[in-house]
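Q: Sharing a structure with you now.
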Amino acid sequence: MPKPTIEFTPTSSFELVVPAGPLARTEASYRVLAEDLSTGDKTVILIHPPSQEWGGDAGKDSQAVHVYWEEVLILRGRIFDKGLQQWFSANQYCCRPPGMLHGPWIADPDEGCEEMAIIRHV
């Protein structure tokens, strides 16, 4: 089933999923805006609290790598990419092909970070 048709809607109207327990330190809260359950393609808003650290599957100090295309637009706040040793902030965008190593990161200690991610499987 393809992503649904959605006319302009406040993102606050989508369910906010908040990780619990030990995952709360390394996993962002998120809102799924649209999803194709048959392909796994989706658009999400990720919300990282101040100073949150995250990385790949091996933990917060590991790089991430995916089997899908990932596009990310930072909406608010900023993140520090520990691998690149560089800050990225609101209105900055990236497009990563499958297999690209990236991260790990830490959210701004004062503002945190909110980003929109578009995931597309090929």
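Q: Given A20, A28, which one is touching a His at 6+ places or on another chain (Cβ under 6 Å) and either modelled with pLDDT under 90 or surrounded by 12 or more Cβ atoms within 10 Å (Cβ to Cβ) (or both)?
A: Details: A20 fails: touching a His at 6+ places or on another chain (Cβ under 6 Å).
Of A20, A28, the one residue that is touching a His at 6+ places or on another chain (Cβ under 6 Å) and either modelled with pLDDT under 90 or surrounded by 12 or more Cβ atoms within 10 Å (Cβ to Cβ) (or both) is A28.
Q: A further question on this structure: Take the stretch 98-116 and flag every residue that is under 13 Å from I79 (Cα atoms) and without any contact (Cβ under 8 Å) to a residue 40 or more places away in the chain.
A: H102
Q: One residue is enough: does the stretch 58-68 have a residue meeting the conditions out of contact with any helix residue (DSSP H, G or I) (no Cβ under 7 Å at 6 or more places or on another chain), polar (S, T, N, Q) and without any contact (Cβ under 8 Å) to a residue 40 or more places away in the chain? Full working, then the answer.
A: First, pick out the residues of the stretch 58-68 that are out of contact with any helix residue (DSSP H, G or I) (no Cβ under 7 Å at 6 or more places or on another chain): 58-68.
Those left that are additionally polar (S, T, N, Q): 62-63.
Among the residues that remain, those that are also without any contact (Cβ under 8 Å) to a residue 40 or more places away in the chain are: none.
Looking through the stretch 58-68, none of the residues is out of contact with any helix residue (DSSP H, G or I) (no Cβ under 7 Å at 6 or more places or on another chain), polar (S, T, N, Q) and without any contact (Cβ under 8 Å) to a residue 40 or more places away in the chain.
Q: For the stretch 110-118, does any single residue satisfy the condition of being outside any strand (DSSP E or B) and out of contact with any helix residue (DSSP H, G or I) (no Cβ under 7 Å at 6 or more places or on another chain)?
A: First, pick out the residues of the stretch 110-118 that are outside any strand (DSSP E or B): 110-111.
Filter once more, so that each one left must be out of contact with any helix residue (DSSP H, G or I) (no Cβ under 7 Å at 6 or more places or on another chain): 110-111.
Checked the stretch 110-118: at least one residue is outside any strand (DSSP E or B) and out of contact with any helix residue (DSSP H, G or I) (no Cβ under 7 Å at 6 or more places or on another chain).
The values are calculated or read from the model by the stated rules, or taken from the named source; none is laboratory data. Note that this is a predicted model, so its numbers are computed, not measured. Neighbour counts are summed over all protein chains in view; Cβ atoms, including those assigned to glycine, are modelled from backbone coordinates with ideal geometry.
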